[in-house]
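K.L.:
Mind having a look at this structure? Questions to follow.
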Amino acid sequence: MKAQIVLVRGGAGVVGCALLAAAMWFHSLKPKVEADVIDPIRTSGKVGKVITNRDFKLQIERVVVARSLKQGLSSSTQPPVATEGIFVVVSGRAMSQKKPISLNTAVLETRDGYKYRKAQRPGVYGALDGSDFAPLLWGKLTFYFEIPKHRLAGARVVVRQSSLFLSPDAATEVDLGISESRAEEMIRGAAQNYDLSGRRP
């Protein structure tokens, strides 16, 4: 009788361990599944081209590298905002396909996997950054990113609409077309006190 009890308890222990292992495996898998579900559907293109996805059209028209920034509408006594790296100012235009949307979610991705969100520096704001874009009407937008100098070559920008829902929103990935030699040239000629309104000092 005691032997039977030991066998029953031993079997229950084995089953319990198996169930626990299965639960731990499923728990480790769940975040990856959720991440795959909400990852935006990307449409890729190059700088200068109009890129169309199901929700909006985007054209990046200009990419500028700067050592410091200033806001055109700010007081002349306000000092420029400087960085130990570089500012990458990306400007262009966008339009919605069907309904008003906001495009204030932008990330600069490097070729070696680093990601930089648009910079948020006090006193400096992107022109029309995050504005609503209406169907069939072009509107201007500007994003600026703060990155190390050696991360510029091969950079691309991913822009997506703002959403409060965990849904696979459409996103546009833009290859900025910056080779190693082009990156070196842009860094050498980086602007001081670059005005985000588009005017050089």
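The values are calculated or read from the model by the stated rules, or taken from the named source; none is laboratory data. Being a predicted model, the structure only gives us computed values, none of them experimental. Note that we place each Cβ from the backbone using ideal geometry, even for glycine, and neighbour counts take in every protein chain shown.
K.L.:
Does Q78 meet the test of being closer than 25 Å to Y194 by Cβ, in the same structural domain as K149 (by TED's automatic domain parsing), crowded, with 18+ Cβ neighbours inside 10 Å and at pLDDT 50 or above?
P.N.:
Taking the combined requirement at face value, the residue does not satisfy it.
K.L.:
While we're on this one: R151 passes all but one of (1) at pLDDT 90 or above; (2) charged (D, E, K, R); (3) touching an Asp or Glu at 6+ places or on another chain (Cβ under 9 Å); (4) surrounded by fewer than 18 Cβ atoms within 10 Å (Cβ to Cβ); which number fails?
P.N.:
In the conditions (1) at pLDDT 90 or above; (2) charged (D, E, K, R); (3) touching an Asp or Glu at 6+ places or on another chain (Cβ under 9 Å); (4) surrounded by fewer than 18 Cβ atoms within 10 Å (Cβ to Cβ), R151 misses (4) alone.
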